[in-house]
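K.L.:
The structure under discussion is supplied below as structure tokens; questions concerning it will follow.
Just so it is clear, none of the values below were taken in a lab; they were calculated from the coordinates. No experiment lies behind these values; they were computed from the predicted model shown. A quick note on method: Cβ atoms are made from the backbone with ideal geometry, for glycine too, and the neighbour counts reach across all protein chains shown.
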């Protein structure tokens with residue numbers, strides 16, 4: 001099968017200081033209950049990453065990875081698997097974020113995967129620059145683009161290409177709550193207006209990652225490998241260089 005690589009760029013990970021060794025298991029969650037049950041197959045050779053380093057699971061589905069604060073841990077999903085979810089369609093929000101400045105306290109992270117049908121082709125909705133900055137604009141977004149996504153039956157997933165909000169961060173939480181219940185899977189990219197400008201340059205992506213799991217990650221769908229990267233460097237308290 002011919003493969004393509006799509007790279008979606010926006011912002012590099014912030015400064016990290018504290019670190020910990022994170023271990024876990026990646027397994028086929030056959031009953032889709034989100035828990036590892038006796039007899040469920042462990043998945044070998046699944047890449048697991050912190051956005052910088054990639055390790056492969058062993059024959060027991062286990063991995064070990066050094067994780068710095070400010071990074072996220074996630075599996076790089078093969079095309080035939082997705083994360084087991086319950087009423088949560090934003091795929092990258094299931095990645096585990098370790099906030100900047102904190103020693104990662106959770107030293108074990110398991111990932112439950114469910115099998116999906118690999119289609120020979122798929123349709124993607126690309127959504128960009130909603131830039132919600134008022135409660136009235138939340139209503140506009142819900143009544144227009146999000147309602148359309150909820151009603152469409154001809155797309156397989158959506159990618160939100162940054163600037164979900166226009167910097168006021170109470171709205172990012174609200175938008176997350178609205179987007180997570182859209183019936184088709186979604187992935188999100190951090191935009192320059194999705195940054196937290198109140199807690200210093202090293203924490204500019206912290207609020208985004210709190211709700212959306214990671215701003216730097218990758219995944220596979222069909223014959224395509226998608227790479228999402230933060231490529232904006234903070235410049236002072238509010239500025240940036242792209």
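K.L.:
Fewest first, what order do 46, 21, 229, 155 take by the number of other Cβ atoms within 10 Å?
P.N.:
Placing the least packed residue first, the sequence is 21, 155, 229, 46.
K.L.:
Please work out how much length the chain gains when fully extended from residue 37 to residue 156, using 0.36 nm per residue of separation minus the C-alpha to C-alpha distance, in nm with one decimal.
P.N.:
Between residue 37 and residue 156, full extension yields 39.9 nm more.
K.L.:
Among 176, 97, 135, which one shows the biggest mean-square fluctuation in a GNM of the chain, springs joining Cα atoms closer than 10 Å?
P.N.:
Among 176, 97, 135, the largest GNM mean-square fluctuation belongs to 135.
K.L.:
Rank the residues 208, 169, 219, 122 as a footprinting-exposure proxy: fewest other Cβ atoms within 10 Å of their Cβ go first.
P.N.:
Going from sparsest to densest Cβ surroundings: 122, 169, 219, 208.
K.L.:
At residue 108 and residue 166, where each label point lies 7 Å from the Cα along Cα→Cβ, what is the point-to-point distance in nanometres?
P.N.:
If labels sit at residue 108 and residue 166, their model points lie 4.7 nm apart.
K.L.:
For residue 122 and residue 64, compute 0.36 nm times the residue count separating them, minus their Cα-Cα distance, and round to one decimal in nm.
P.N.:
17.5 nm
K.L.:
Can you tell me the length gained on complete extension of the stretch residue 144 to residue 173, counting 0.36 nm per residue apart and subtracting the Cα distance?
P.N.:
8.6 nm
K.L.:
With both bridge residues required to lie in the chain, what share of the DSSP beta bridges run antiparallel, to the nearest 5%?
P.N.:
The antiparallel proportion sits near 60 percent.
K.L.:
Based on the alpha-carbon gyration tensor of the chain and its eigenvalue square roots a ≥ b ≥ c, which shape applies: rounded if a/c is under 1.5, prolate if not and a/b is larger than b/c, or oblate?
P.N.:
Note, shape of the chain comes out oblate.
K.L.:
Ok, one more. Arrange 57, 198, 188 by Cβ neighbour counts within 10 Å, fewest through most, would you?
P.N.:
Fewest-to-most ranking of 57, 198, 188: 198, 57, 188.
K.L.:
Also, quick follow-up: With r as the distance between the Cβ atoms of residue 53 and residue 184 and R0 = 22 Å, compute the FRET efficiency 1/(1 + (r/R0)^6) and round to 0.05.
P.N.:
Efficiency for this residue pair is about 0.10.
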